[in-house]
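The structure appears right after this line, and notes come after that.
Taken together, the values in this text are just the output of simple stated rules run on the coordinates, not laboratory data. Computed from a prediction, not measured in an experiment: that's the story for all the values here. With ideal geometry, Cβ positions are generated from the backbone for all residues, glycine too; neighbour counts draw on all protein chains shown.
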Amino acid sequence: MRVTVYEVGPRDGLQNESAVVPVEVKREFVARLAEAGLTTIETTSFVHPKWVPQLADAGELLESLPRVPGVRYPVLVPNEKGLDRALKQGVTDIAIFGSATESFARRNLNRTVESQFEMFAPVVERALAHGVRVRAYVSMCFADPWEGPVAPARVAGVGRRLLDLGCHELSLGDTIGVGTPRQVEDLLDAFAEAGVGPERLAVHFHDTYGQALANTLTALRRGITVVDSSAGGIGGCPYARSATGNLATEDLVWMLDGLGVETGVDVRSLAATSLWLAGILGRPSPSRVVQALARELPDRSRPRIQGKRPEEV
Ligand code: HMG
Ligand code: MG
């Protein structure tokens with residue numbers, strides 16, 4: 001069995017940093033992720049720069065980014081303006097991002113649930129006409145900070161419509177990281193009832209309550225083979241304050257290595273990158289695997305944050 005790790009650190013991770021990370025650091029981060037064996041790296045977003053200033057350098061980053069053959073570098077695109085900017089940089093993969101709830105649609109996209117489809121439809125149509133692959137996200141799959149629990153059938157309804165626009169894959173976002181394995185089962189049942197099988201789905205768990213790995217295993221057992229995660233577990237969403245980092249890629253790969261599932265990712269090389277980034281961001285990685293592997297590194301090569309090693313801060 002093989003699982004595709006869809007790395008979101010440079011986008012979902014860095015969009016949520018209070019500091020704006022210099023473009024050279026982003027470039028090196030993406031390059032190091034590819035070196036560690038990741039073959040899908042969500043690199044940045046062509047959203048309004050005022051909405052996400054951390055990724056305002058999307059054009060500059062892509063212009064100077066060395067591409068490794070066989071690696072995909074998808075970017076988030078909400079609307080036609082974003083698509084124009086992305087096409088200018090020669091992107092081959094984009095992702096649109098919808099919401100299952102009204103509150104988040106308004107806060108994240110300045111749209112209603114219904115009007116988000118009108119915004120996305122021409123984006124998908126034009127992207128496909130340019131030979132660009134389109135992934136879709138559906139956010140707030142289990143609960144929303146303003147509306148509470150979200151019914152699985154409602155998520156499946158929104159997700160189905162996003163796929164029907166022409167997207168090849170739908171990533172199920174637990175934006176605020178509150179889902180548990182039983183809810184994952186219920187959601188996948190709802191998608192099955194809506195005619196969407198695991199071959200068209202990916203999972204995207206934030207790890208607020210430490211359930212991301214258990215939720216992922218549940219999804220894998222149901223036949224899903226694409227899993228989103230972020231190196232070192234960085235991440236969140238600036239428009240949902242309760243969101244914390246994504247499932248850490250190292251935690252995911254460690255578990256998959258143990259299960260004998262291939263990913264092509266070298267967990268130690270990746271952890272070294274997350275430690276390097278933690279040193280730059282000035283805070284430790286929340287990933288347990290990164291913290292454990294950090295202790296294996298020779299003392300002199302371990303990065304320091306204010307004189308301490310990242311796992312000690
Ligand atoms: P809006 O204000 O409604 O935009 O924002 P508008 O269409 O009314 O346009 C207003 C002005 O913005 C215009 O300029 C446009 O040209 C400009 P003016 O004519 O006034 O000078 N504009 C743009 N400029 C650059 N790039 C663009 C763009 N679009 C419009 N793309 C909009 C609507 C969607 C743009 C805004 O709400 C937005 O940018 N939202 C993005 C928020 C975001 O990035 N959130 C984080 C990502 S989602 C996430 O993290 C969840 C996920 O990880 C899954 C999960 O965890 O669940 C994916
Ligand atoms: Mg996310």
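Per Stokes-Einstein, at 37 °C and 0.692 mPa s, what whole-number D in µm² s⁻¹ belongs to segment 1-63, with the Kirkwood radius over Cα pairs as the hydrodynamic radius?
Values: Rh = 12.1 Å.
Calculated translational D: 270 µm²/s.
Let me have the 222 nm mean residue ellipticity of the chain computed from DSSP H runs of 4+ only, each contributing -39500 (n - 2.57), with the sum over all residues rounded to the nearest 500.
The helix contribution divided over the chain gives -12000 deg cm²/dmol.
May I ask you to sort 140, 255 by Cβ crowding, counting other Cβ atoms within 10 Å and putting the fewest first?
Ranked by crowding around the Cβ, least crowded first: 255, 140.
Evaluate the charge dipole of segment 1-99 about its Cα centre and quote only its size in Debye, nearest 20, assuming +1 on the Cβ of each Lys and Arg and -1 on the Cβ of each Asp and Glu.
It comes to approximately 160 debye.
For the chain, modelled as a Gaussian network with Cα springs under 10 Å, which listed residue fluctuates most, 277, 87, 62?
It is 87.
Starting at the first residue of segment 276-289, write each ³J(HN,Hα) from the Karplus equation 6.51 cos²θ - 1.76 cosθ + 1.60 with θ = phi - 60°, in whole Hz, x for Gly and Pro.
3J(HN,Hα) across segment 276-289, in whole Hz: 4, 5, 4, x, 6, 6, x, 8, x, 5, x, 6, 5, 5.
Got a sec? Charge dipole of segment 62-115, +1 on Cβ for Lys and Arg, -1 for Asp and Glu; which of 91, 65, 101 is way out at the positive end?
With unit charges placed on the Cβ atoms, the residue in question is 65.
Helix 152-164 versus the longest principal axis of the chain: what is the Cα-based angle in degrees, 0 to 90, to the nearest 10?
90 degrees
Compare the Cα positions of 255, 123, 31 along the charge dipole of the chain (+1 at Cβ of Lys, Arg; -1 at Cβ of Asp, Glu; about the Cα centre) and return the one farthest towards the positive end.
31
Using Cβ counts within 10 Å as a stand-in for footprinting exposure, how do 25, 113 rank, fewest first?
Lowest to highest Cβ neighbour count: 25, 113.
Let me have the relative contact order for segment 70-222, percent, based on Cα pairs under 8 Å that are six or more residues apart.
On the way: 266 pairs, mean separation 29.9, N = 153.
The value is 20 percent.
Please report, in debye to the nearest 20, how large the charge dipole of the chain is about its Cα centre when each Lys and Arg carries +1 at its beta carbon and each Asp and Glu carries -1 there.
480 debye
Name the residue, out of 137, 209, 73, whose mean-square fluctuation peaks in a Gaussian network model built on the chain with Cα pairs under 10 Å.
209
For the chain, with a Gaussian network of springs between Cα atoms less than 10 Å apart, report the residue from 285, 45, 64 with the top mean-square fluctuation.
64
Find the Rg to Rh ratio for the chain, where Rh is the Kirkwood radius over alpha-carbon pairs and Rg uses the same atoms.
Result: Rg/Rh = 0.94.
With an 8 Å cut-off on Cα pairs and a minimum separation of 6 or more residues, tell me the relative contact order of the chain in percent.
With pairs under 8 Å counted, the relative contact order is 18 percent.
Across segment 99-113, in residue order, what do the Karplus-derived ³J(HN,Hα) couplings come to in whole Hz, using 6.51 cos²θ - 1.76 cosθ + 1.60 with θ = phi - 60° and x for Gly and Pro?
Each residue of segment 99-113 in turn: 10, 7, 10, 5, 4, 6, 4, 5, 6, 8, 10, 6, 9, 8, 4 Hz.
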